[in-house]
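The structure appears below as C-alpha cells.
The values are calculated or read from the model by the stated rules, or taken from the named source; none is laboratory data. All figures in this text were calculated on a predicted structure; none of them were measured in a lab. Reconstructed Cβ throughout: ideal geometry from the backbone, glycine too, with neighbour counts over all protein chains shown.
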Amino acid sequence: MFRTFLVKKDERALLFNRGDFVQVLGPGEHLKFDPMQRLSIEKFSLTQTAFTHRLAEYFINSETQLVEREFYLIKLANDQVGLRYENGLLVEVLAPNTRRLYWKGFVELTHKVVNIATDFRVEENLAKQLLESSETGFKARVTGAAQVFGVKVPEYNLGILFVDGKRTVSLEPGVHAFWRFGRDLQVQFVDLRLQVLEVAGQEILTRDKVALRVNLTAGYRFTDVQAAFAQQAKPAEFLYKELQFGLRAAVGTRTLDEILENKTLIDDVVKTYIAKRLEGFGLELESVGVKDIILPGDMKTLLAKVVEAEKIAQANVIRRREETAATRSLLNTAMVMEKNPTALRLKELEALEKVSEKIDKISVFGGLDAVLKDLVKIRPQ
C-alpha cells in the first residue's frame, strides 16, 4: 500500500502521479501511499545544476514559491548577456532573452548581467576568461563563449570594425573582443607602414603616336584611416586607378623625344597629379617612379640606328678636332725650331735616339762629328 522513495543528499527528485507533477522531493526517504502504483519520480544530480526539463517554463510561470525555494532563476532581457558563475568560477555565457533554472544545493551559484544595447565591447580581463588565443584564431574557454567575437590586430596595423556592414571604431594593435549576439562583425586590417603599389604593363600612346609600355612603382601610406574608408570602400584600388590616369596624362601629352630626354619628367607630373587627387582621402603619396619604358621592336631598331649615327658624327667631330690640334702643335714646334737652332738640334738628337732603339748594329763613317752634323740634313728644294 505504501512505497518508499530514496533521494540522496546530492540529488533532488520530481514526484509524478500518472505523469503529472506533484512536488519536489529533497534528500531522505519519502513514504508515499500508492496502492495503485501510480507514483513515479525523476531524479537529478546537483552536480549538474542546469534544470533543462519540460516543466521549467511551467515552474517559472506558475510555481513561484517552488522556484524561489528550490531553484536559482536567471532571466535576461533582449539586450542583456548573462555570466554564470559556480563557486566563483565563470562557467557559462547566457544569450539575451534567456530564462533558465538551476538547482540550489552545495554549488554556489551567482551571475552577472551585461548590457549590450549600446556598448558591446568585452572588457579585457573578461575576454581572457572567455577566449583562448591560438595560431588559427580564438577558442571558447566556457560554454556559450562561441558568441564572443575575438580579433588580434597585428603590430603596425589598425583594425576597422564593421558592424552589420557599417564602419564603426578603429582598433589599435592588440587583442579585442566583442559580443556577437545578433550582430554581423567583421574586421579589416590596414597596414600603417609605407606600402608599395605596382602599376605594371600600361600601354600608352605618346603625342607623336608611339606606343609605349610603362611600369610604374609608387610608395604610399595611410594618414587618416577613418577618412580613407569613409571616402572609398577600397582605398588601394582607388589609388591604383588614379596612378593609371596620372601616367596617361604624363605620357599622352608629350612626344617620345621629350620623355627620353628627361627621365624624371613622368615622375614629377604623376606625383603632382596624384597629390591633388588624394586631398581629403586620408592617403599620402610618398614616392613615385618609372621602373621601365618598353618600346616596340621596330622602334628599338630605329632608335638604335639614330644613336649609332649620332655617335659616329660625334666621333668624327672629335677626330677632326684632335687632328687640328695636332697640326697646330706641329706648326708651333716648327716655328720654334726655325728661330732656335739649338731646339732643332735637340729634335734631331731625339729622332736619332728613336732610330737607334730599333737598330741592332750601327757602322759609323767619318767619325762622331759626321754623325752629329751630317746624319740629318734638311735641304731646301
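Annotations for the structure displayed:
- The set of residues in segment 142-166 that are outside any strand (DSSP E or B), loosely packed, with under 14 Cβ neighbours inside 10 Å and over 22 Å from the mean Cα position of the chain (by Cα) contains only Asp164.
- Check on Ala218, surrounded by 13 or more Cβ atoms within 10 Å (Cβ to Cβ), within 28 Å of Ala275 (Cα to Cα) and touching a residue at least 24 places away in the same chain (Cβ under 8 Å): yes
- Matching residues in segment 204-215 - criterion: being outside any strand (DSSP E or B) and either within 17 Å of the chain's Cα centre (by Cα) or surrounded by 14 or more Cβ atoms within 10 Å (Cβ to Cβ) (or both): Thr206, Val210
- Segment 77-96: number of residues that are over 20 Å from Thr64 (Cβ atoms) and assigned to a loop (DSSP other than H, G, I, E, B): 6
- Segment 178-203, subset part of a loop (DSSP other than H, G, I, E, B) and over 13 Å from the mean Cα position of the chain (by Cα), residue surrounded by the fewest Cβ atoms within 10 Å (Cβ to Cβ): Asp184
- Restricted to helices (runs of 4 or more DSSP H) entirely inside segment 239-347, those with at least 3 residues that are modelled with pLDDT under 85 are 256-261, 297-339.
- Just one residue in the set Val175, Val169 is modelled with pLDDT under 90, in a strand (DSSP E or B) and of a type in the set (A, V, I, L, M, F, W, C); that residue is Val169.
- Only one of the listed residues (Val113, Val122) is among the aliphatic types (A, V, I, L, M), on the phi < 0 side of the Ramachandran plot and crowded, with 17+ Cβ neighbours inside 10 Å. That residue is Val122.
- When residues in segment 143-174 are screened for being small (Gly, Ala, Ser), in contact (Cβ under 8 Å) with a residue 24 or more places away in the chain and closer than 17 Å to Leu126 by Cβ, 3 of them pass.
- Residues of segment 10-63 that are more than 29 Å from Leu90 (Cα to Cα) and touching an Asp or Glu at 6+ places or on another chain (Cβ under 8 Å): Phe16 alone.
- Contact annotation: residue pairs with Cβ atoms under 8 Å, 6 or more positions apart or on different chains, pairing a residue in segment 252-265 that is small (Gly, Ala, Ser) with a partner that is surrounded by 12 or more Cβ atoms within 10 Å (Cβ to Cβ) and in a loop (DSSP other than H, G, I, E, B), are Gly252/Thr206; Gly252/Arg207.
- In this entry, Ala218 passes the filter for residues that are at pLDDT 90 or above, within 20 Å of the chain's Cα centre (by Cα) and in the same structural domain as Val199 (by TED's automatic domain parsing).
- Across segment 51-68, the qualifying residues are those that are without any contact (Cβ under 8 Å) to a residue 24 or more places away in the chain and assigned to a helix (DSSP H, G or I), and the one among them that is surrounded by the fewest Cβ atoms within 10 Å (Cβ to Cβ) is Gln65.
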